[in-house]
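Reviewing the structure listed below.
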Amino acid sequence: MPPPPTPAKQRASRIALTYYSKPDALTLWKVAAAGLALCAALGWVAYGALVPDEGAARVSHGPLCQAHATWDTQCDACHVDFQPIRADAWAVAWYKSAADRADLDRGCRRCHAGPAHHAAQIPAEVGTCASCHQDHRGRQADIRRVADQHCLACHRLPADHSQRKPDLLAVTSFSADGHPEFRSLKTDPGRIKFTHKRHHAAGCVLHPDDMVQKKLADLDPAVRDRYRQQGQSDQDLVQLDCHSCHRLDPADATATAGDASWAAHGSGAYYLPISFDQHCQACHELSYEAGTAKPVPHGLTAAQIDVFLQDAYRREFLEENPATLEETLPRAVPGRAVRPAAPRGREFIDAKVRQAQKHLSNRCGQCHYFEEEAPTSLAVQAAAIPQVWMKKAVFDHAAHRAVSCRACHPRAFSDAADASVHETDVLIANRDVCLECHQPAQQEATSALQVGGARHDCVECHRYHAADQAVHGRGSPLRDGEHEFLIQEFFNAAAADQAR
Amino acid sequence: MLLLPRKGLGLHTRWIVVFLVGTLAASLGYLIHAFTSSTARWPGGSSLPGFVCGVLAGGIILFEFFLWPRKWPRVRAWRIGRTQVWLRAHIWLGLLTVPLVIYHHGLDFHWGGQLTVMLMVLFWCVIASGIFGLALQQVIPRMMFDALPAETIYSQVGHVARQNARDAEDLVLKACGAESTWGDADELDAEDRELVTARSYAIATTVRSVGRTQGKSLGTDAAFATVEDPTVALYLRQSFFDDIKPYLELGHRADSRLTDATRATAFYEGMRRRLDLEIHPLVEKLQQWSDARRQFDLQSRLHHWLHGWLAIHLPLSIALVVLLLAHVYYAVKYW
């Protein structure tokens, strides 16, 4: 039976004409997911905006360093709204004047002075604080450890980046090719007749066959043990070593010297200053009469020595001639001058003083140079021993205490072939010795030893701020901020701004 | 719809040039700035090249996002450019945001805080889902063209399947000498009821092939011969109601043996062996409907792959735009 004819309407109605007006399940799911995503994103942002601490944590690019951790959620402690803080932000170009640029750092300047690098630097080339000290790198980040590129930007071509066009050599890295020798070690400014060879030798002699050799028995018993090496008797020769005079820890010095001021000197970075009273007097007694124990305090000027000697001999004269105190002057007769007392005492004192001056001049001249050469001159030139040799860099002896002194100061030892015999010799190692450790780790060509590997970036030795005062300490006024705050002001940037 | 043509890139050439030139310009600008500036780090978002790349990337992302509202009927009425142009721009400008965003955050790949990390994760997810969707759109339409001659409108798959089941039931019951029950079914709406009431024929989609070309046509099939033997009629009814009808209605969800094409072929061969030759055209018809139902299942799966990625791409894009606006505000406030 043939199929009956089918109405076209029935054929067309197989699918409703308005099917597209009803979304399918996939479309509904898509719309629902879109709505959910919109709400979630808006909610997340809104919650951050309404809860400041939470918002700051979300916007922050990372935790602040340990020193700044208190202000982790106080963005305005450092940031000024809608003002760039980093020098590499292109918008810094809008801030042309030095005052405007300084204003970008006002968050930092609340607490930090940030003294200038150099008087001759070009102000327009000085970035903001954050251009070098980038924070938000985690609690353990050291934001003082600035990358070399910041320094090399100028020091590659120093003449192009200074107002004075200094005759400085270019620096590209800490290496034999990239860093000049240390300028601070060109000459020894000290004016002391001292040789390490003599003082390091047994008996403190320059040559082994010298007749006068110092024995422990020659020293004051009070300080004898200080110079005694293990197993030595009083009849043994004095054998000094580095630590006989050079002390790193103030506690060592105070134990023997009783000078409490030394305790404040160091953090172990630099050796304590050499002092006559502590390090020289045991051998170099400073008596103003030969063969007696009549010491003159060390460090007096020529005029002060004169006064000291005058007083000492007046006292001595009076002690020897007490009747002088009872002597009366003759009554004055009108028209005649009073005859002065006999000059016997004055002559005695003057003679003694001259004799003592001559003796002292010999004693002082053993170590010091005089301002002018004369038999009784006591005006000595300043010792000028540098307490810190590196004028533009820092060095930490405590960090190097595991390394032998000989490694960096070989000529200070009497058994060295080129041991120092002139006081003008500079006995501190220069760049090449530093490079043995402070370079990228590598295997030595002649052996299997691995050398190098210690830090060798610029800030390992150099400081940017107040660079010519490299050793100024943490308490230096150079580091002080513009204001001092109460505790609540210190922790709250808004309150701090009000206080200013 | 194939976004990329099969042979050559044709109309995409202009956009590819835009992408390449944009990438090259951004790379040159960034690298020149990086190697001529004194900063120790790679330029970041606040540097000149980083800022420019960020602004461009942000603008492009907003433009890309506008593809969605553009589909809204009210916005579509504005007729802003041709859809093909929008889609090409969406693809290539979207890819251009990748180098721009990389140069914006800097080559040290420090993604910053929660907001920027979220932003970057969303960005990469959006890019990845977009590329995934683009790839699917190159493959699946062709696959559907080849494998789904019985393809119908996705949202009407269930409706058409139910219609087929009803038509099949009509023909089977008439072949067994019984009346259709569909006319009284409560679940039918008036339109459907009119279609199925007391008719002795079926309107069915039939897949036809001419050479390598396949297609479907809507045809009317008259009732087939009647089964005289009650035992055979019972077998036919049981086979239909136990296996065929559930599958025609529910597809793979019926957990039927007909889901598998091989087993289905064996099933229908078995039916043919049990039934007289006069009934074989009916069996043929039932097998065609089963094949069509299998294609509907495949069509649904492919449709989900073809369009399902958008259900990820779009929500992520919305979240991306919201966080992007927040990022712009906070970045300028604390740059």
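Residue pairs whose Cβ atoms lie under 8 Å apart, sitting 6 or more positions apart in sequence or on different chains, and linking a residue in the range A:417-428 that is closer than 14 Å to A:Leu206 by Cα to a partner that is among the aliphatic types (A, V, I, L, M) and open to solvent by less than 60 Å² (accessible area, probe 1.4 Å), are A:Ala419/A:Ala412; A:Ser420/A:Ala412; A:Ser420/A:Leu427; A:Val421/A:Leu206; A:Glu423/A:Ile192. If you go through the range A:119-130 and keep only what is within 13 Å of chain B (Cβ to nearest Cβ) and either at pLDDT 90 or above or within 26 Å of A:Pro63 (Cα to Cα) (or both), you end up with A:Gly127, A:Thr128, A:Ala130. For the criterion of being surrounded by 21 or more Cβ atoms within 10 Å (Cβ to Cβ), more than 8 Å from chain A (Cβ to nearest Cβ) and either closer than 20 Å to B:Val157 by Cα or aliphatic (A, V, I, L, M) (or both), B:Trp305 fails. Any residue that is of a type in the set (Lys, Arg) and touching a residue at least 12 places away in the same chain (Cβ under 8 Å) - is there at least one of those in the range B:72-87? No: zero hits. Does A:Leu216 meet the test of being under 27 Å from A:Arg411 (Cα atoms) and surrounded by 17 or more Cβ atoms within 10 Å (Cβ to Cβ)? So A:Leu216 fits the description; yes.
When A:Ala393, A:Ala407, A:Ala383, A:Ala399 are checked against the criterion of being in contact with a strand residue (DSSP E or B) (Cβ under 6 Å, 6 or more places away or on another chain) and either farther than 28 Å from A:Phe182 by Cα or small (Gly, Ala, Ser) (or both), A:Ala383 stands alone in meeting it.
I need the full set of residues from the range B:264-288 which are of a type outside the set (Val, Ile, Thr) and in contact (Cβ under 8 Å) with a residue 40 or more places away in the chain, in order please. Matches in the range B:264-288: B:Arg274, B:Leu275, B:Asp276, B:Glu278, B:Pro281, B:Leu282, B:Lys285, B:Leu286, B:Gln288. Within the range A:42-77, the set of residues being facing chain B (nearest Cβ under 9 Å) and in a loop (DSSP other than H, G, I, E, B) comprises A:Ser60, A:His61, A:Gly62.
Return a yes/no flag: does the range A:32-40 have any residue that is within 12 Å of chain B (Cβ to nearest Cβ) and part of a loop (DSSP other than H, G, I, E, B). No, there is no match, as no residue in the range A:32-40 is within 12 Å of chain B (Cβ to nearest Cβ) and part of a loop (DSSP other than H, G, I, E, B).
Among the residues of the range B:76-96, are any more than 26 Å from the chain's Cα centre (by Cα), within 18 Å of A:Trp90 (Cβ to Cβ) and surrounded by fewer than 17 Cβ atoms within 10 Å (Cβ to Cβ)? Within the range B:76-96, none of the residues are more than 26 Å from the chain's Cα centre (by Cα), within 18 Å of A:Trp90 (Cβ to Cβ) and surrounded by fewer than 17 Cβ atoms within 10 Å (Cβ to Cβ).
For beta carbons closer than 8 Å, sequence separation of 6+ or different chains, a first residue in the range A:131-153 that is facing chain B (nearest Cβ under 8 Å) and a second that is part of a loop (DSSP other than H, G, I, E, B) and charged (D, E, K, R), the qualifying pairs are A:Ser131/A:Arg86; A:Ser131/A:Asp88; A:Gln134/A:Arg86; A:Gln134/B:Arg41; A:Ala147/A:Asp457; A:Ala147/B:Arg41; A:Asp148/A:Asp457.
Can you name every residue in the range B:24-65 that is within 18 Å of B:Val322 (Cα to Cα), open to solvent by 70 Å² or more (accessible area, probe 1.4 Å) and either free of Cβ contacts under 8 Å to residues at least 12 places away in the same chain or among the small types (Gly, Ala, Ser) (or both)? B:Val55 - this is the single residue of the range B:24-65 that is within 18 Å of B:Val322 (Cα to Cα), open to solvent by 70 Å² or more (accessible area, probe 1.4 Å) and either free of Cβ contacts under 8 Å to residues at least 12 places away in the same chain or among the small types (Gly, Ala, Ser) (or both). Could you tell me whether A:Val59 is surrounded by 17 or more Cβ atoms within 10 Å (Cβ to Cβ), within 30 Å of B:Leu320 (Cβ to Cβ) and modelled with pLDDT of 85 or more? Here the answer is yes, as A:Val59 does meet what is asked. Against the list (1) facing another protein chain (nearest Cβ under 9 Å); (2) open to solvent by 50 Å² or more (accessible area, probe 1.4 Å), the condition A:Ala116 fails is (1).
Taking the range B:240-279 on its own, how many of its residues are assigned to a helix (DSSP H, G or I) and open to solvent by less than 20 Å² (accessible area, probe 1.4 Å)? Adding up the residues that qualify gives 11.
Close contacts from the range B:104-117, counting a first residue that is within 19 Å of B:Leu320 (Cα to Cα) and a second that is of a type in the set (Lys, Arg) and open to solvent by less than 50 Å² (accessible area, probe 1.4 Å), with Cβ to Cβ under 6 Å and a gap of 6+ residues or different chains, come to B:Gln114/A:Arg58; B:Leu115/A:Arg58. Scanning the range A:179-220 for residues that are of a type in the set (A, V, I, L, M, F, W, C), touching a residue at least 60 places away in the same chain (Cβ under 8 Å) and part of a loop (DSSP other than H, G, I, E, B) turns up A:Phe182, A:Phe194, A:Ala201, A:Cys204, A:Leu206, A:Leu219.
Residue-wise test of (1) in the same structural domain as A:Ile85 (by TED's automatic domain parsing); (2) under 16 Å from A:Asp457 (Cβ atoms); (3) among the polar types (S, T, N, Q); (4) surrounded by fewer than 18 Cβ atoms within 10 Å (Cβ to Cβ).
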position	(1), (2), (3), (4)
A:Gly138	yes, no, no, yes
A:Asp142	yes, yes, no, yes
A:Arg145	yes, yes, no, yes
A:Gln149	yes, yes, yes, yes
A:Leu152	yes, yes, no, no
A:Lys165	yes, no, no, yes
A:Leu168	yes, no, no, yes
A:Gly178	no, yes, no, yes
A:Lys186	no, no, no, yes
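Restricting attention to the range A:421-438, the residues that are assigned to a loop (DSSP other than H, G, I, E, B) and within 22 Å of the chain's Cα centre (by Cα) add up to 7.
If the condition is being of a type in the set (Gly, Ala, Ser), part of a loop (DSSP other than H, G, I, E, B) and either surrounded by 17 or more Cβ atoms within 10 Å (Cβ to Cβ) or in contact (Cβ under 8 Å) with a residue 60 or more places away in the chain (or both), then the range A:78-109 contributes A:Ala87, A:Ala89.
Within the range B:118-142, restricting attention to residues that are among the aromatic types (Phe, Trp, Tyr) and in contact (Cβ under 8 Å) with a residue 24 or more places away in the chain, the residue that is farthest from the other protein chains (Cβ to nearest Cβ) is B:Phe132.
The set of residues from the range A:221-253 being outside any helix (DSSP H, G or I), surrounded by fewer than 12 Cβ atoms within 10 Å (Cβ to Cβ) and touching a residue at least 12 places away in the same chain (Cβ under 8 Å) comprises A:Ser233, A:Gln235. Is there a residue being at the interface with chain A (Cβ under 10 Å from one of its Cβ atoms), part of a helix (DSSP H, G or I) and buried (at least 19 other Cβ atoms within 10 Å of the Cβ) anywhere in the range B:281-299? Looking through the range B:281-299, none of the residues is at the interface with chain A (Cβ under 10 Å from one of its Cβ atoms), part of a helix (DSSP H, G or I) and buried (at least 19 other Cβ atoms within 10 Å of the Cβ). Picking from B:Leu314, B:Leu325, B:Leu320, B:Leu310, which residue would you name as being open to solvent by 30 Å² or more (accessible area, probe 1.4 Å), touching a residue at least 40 places away in the same chain (Cβ under 8 Å), farther than 12 Å from B:Glu151 by Cβ and facing another protein chain (nearest Cβ under 10 Å)? Answer to the selection: B:Leu310. Of all the residues in the range A:391-420, those that are assigned to a loop (DSSP other than H, G, I, E, B), hydrophobic (A, V, I, L, M, F, W, C) and open to solvent by 40 Å² or more (accessible area, probe 1.4 Å) number 4.
The values are calculated or read from the model by the stated rules, or taken from the named source; none is laboratory data. For clarity, every value in this text was computed on a predicted model and none was experimentally measured. Here the Cβ is made from the backbone with ideal geometry for all residues, glycine too, and neighbour counts use every protein chain on show. Just so you know, the surface numbers come from the protein's heavy atoms only, side chains and all, with ligands and any DNA or RNA stripped out. Shrake-Rupley method; radii C 1.70, N 1.55, O 1.52, S 1.80 Å.
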